[in-house]
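One structure below.
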Amino acid sequence: MSQLVGMWGYGLAALSFLFLFLLVLTTRQRSLPKSCLLLACGLTAIWSAIAALQLYNGMSLHLVLAIDTIKNGVWLLLLTSALSESQRWRDLFTPLPRTVVALVLVFTAIAELFQHQVGWMSASTFLTLHLVQPVLALWLIEHLYRQTLPEQKWAIKPLCLGLGMVFVFDFVLFSNAALAQSLPIEFWSVRGWLHTAATPLILLTARRSQHWSTRVFVSREIIFHSTLLMAAGGYLVLMALAGYYIRYMGGSWGGLAQIAFFALGGLVLASLFLSDRLRRRVKVFIAKHFFANKYEYRDEWMKFADVFSHDVNSLPQVAIQAMAQPFASEQAILAVKTGKEFQILAQIGSQQLTNQQALHTTINQVAPLVIQHDWILDVEEFKSPDEHLPFELDGNTIAALAPYRLIVPLDKGAGVDAVCLLSQPQSSENIDWEDRDLMKVIARQLTVHLKLQQANMALAESQQFDTFNRMSAFLVHDLKNVLAQLQLLTRNAERHKHNPDFVDDAFATVEDASNRLNRMLEQLRQKRIEGENQRSFDAVSSIRAVIESCQARMPNPLFSTTLNSVALTANQERFENVLSHLVQNAQDATQDSGSIELSLTASPDELHISVKDTGQGMTPEFISTRLFKPFDTTKGNAGMGIGAYDAKKFVEQLQGHLSVTSNVGVGTEFVMTIPIQPNSNQA
């Protein structure tokens, strides 16, 4: 059984150090410690593989011990190079004691390799020499840790722990072997597992030490799960030893007691592994003792982005989750100032607050102070009278904040007054500068998101008002045209009211105005601009109708075309309104002695409608900057400034375009180019 366990342990150690060897090999920069580490990992992988083969087929231990001596010598070189500032190999052997130690190790390896042929040394001598090797290694480890500056000890601490564990075990192993004059198989079988456990610790130092020139990334999750696996393995080994002891001492009941003990032990192990509190404590221990930073910032940033990608509709709830997640706070609150008071917009945590009103009052008292001083409030700080704090809180206020410990202000420079309340973080017991920095970074990001949400809400509200104003402007524009028709009718009534033809035209005009007013009321009820009820109609007849309706003003528009009819698919009423607006604008810009000409031409797939006048004209700057700008008019209160804009939008909705040619003092020409169906009837 011991041989099988040992064989698996050495095999796993060989794979672990081979993996570490390949990782270090991929680094480009060269240095002496890196070369020593590369050589040590390679020799350890070879030694572990040969040790596994020795347990498998029972070969002689002399080859394993010889490579073990060389491997230990290289690890001693690594420790020596870490203590030295030189990058030359020969400097590692320059002092005479180092040269003597190196020669003794080489001689020991050669003697062990050829022990069967020569028999230079006794077994006790070999075991004594192997006992000296871990002593030298432990002395160098202690010297390295003591000589390292305090701010740099975090880098070499994992290496000292890993190699220290290995060489302390070697010292115990060869001490027992020297006393018993034989290697204990149980200790020898466990040795490979200890080398495997030391691999991640060595890798951590390789990552942290800049002069080792390696950029290997070690995940906290890997270290965390490796630690749990090692702890579980150690626990199971102790359980096995205790179980065999129970079986040995229990007599006839020993077997049953052993089974019951194993079952209860497995239950205890499973319950420990399922404990969230234990897992958090292990993570905190690993972050505190094995990593320079408490948080893996890349992972935290990815988690932060992932939270916002899930549910962007309820932003306050997502925001407070993003703040509480890195610190594992079970309860959290987001309070935002709306008006004169802070309102709780989002809350997480299963515990129900007993006095919500008292907490709300306390938030309104404390939040302005926190935001004003840009200070992360830690309730525990206010319980220490020696702390130099920017403001003071009484005991009742502190008690009212329970169960929340931290109040984090959002960035006040962005114009968002808000705070996040967090309960006791489970990620760490003490709040230090790193926790505060991470809270500030997250708070800045949340400020941006909340500010963006406020801007989007304001924009949506503005768009609603813009739509309403636009609809009102178009309706007023149409009402103005109806009013002009009725005013023209009343002006001509005194002269023509006894003319039957005028009376008929008057009733027709009133009926048309009534229909247009009804359609406007329908638009108001449906809260929309004139609908796009498109149908096919004769464009020639519609243009003639527009010409007829504009005859009451000077100059009278003229129409010329060679076509008898042409089919156009659009909203006929809007088409006539748009064309009527262009004609009326031409009449406003042209003297009574001038001329306005409309023309209609057609190609196989397009319709061209021209409105040309001899008016005052427009400058290129006016055309490019003001002509098609809505609500910009040169007519004062007499115009709405949407006639040209409406014409352009109407033509573009039909996939066409509106072009303008104008010269100051000469005149202006508008050309509407509208696509038509290839099979439209043209005559």
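Miscellaneous remarks
- Model label points for His496 and Ala180, set 7 angstrom from Cα along the Cα-to-Cβ axis, are 12.9 nm apart.
- The 3J(HN,Hα) values that the Karplus relation (6.51, -1.76, 1.60; θ = phi - 60°) gives for segment 48-59 are, in residue order, 5, 5, 5, 5, 5, 5, 5, 6, 6, 10, x, 5 Hz. Gly and Pro appear as x.
- A Förster distance of 56 Å, applied to the separation of the beta-carbon atoms of Gln347 and Tyr145, puts the FRET efficiency at 0.70.
- Trypsin sites (Lys or Arg not before Pro) lying in DSSP loop within segment 13-81, provided at most 13 other Cβ fall within 10 Å: Arg28, Arg30
- Amide H within-cut-off set for Ile676, under 5 Å, with H built and near neighbours excluded: Glu606, Leu607
- For Ile376, no residue 5 or more places off, or on another chain, has a built amide H under 5 Å of its own.
- Across Lys303/Lys340; Lys303/Lys412; Lys383/Lys451, pairs whose alpha-carbon gap is larger than 29 Å: Lys303/Lys340; Lys383/Lys451
- Residue-wise HN-Hα couplings along segment 13-22, as the Karplus relation 6.51 cos²θ - 1.76 cosθ + 1.60 with θ = phi - 60° gives them from phi, are 5, 4, 5, 5, 6, 5, 4, 5, 4, 5 Hz; Gly and Pro carry x.
Every number in this text was worked out from the coordinates using simple rules, so none of it is lab data. Predicted model only: the values in this text are computed from it and were never measured. Positions of Cβ are backbone-derived with ideal geometry, glycine not excepted, and every protein chain shown enters the neighbour counts.
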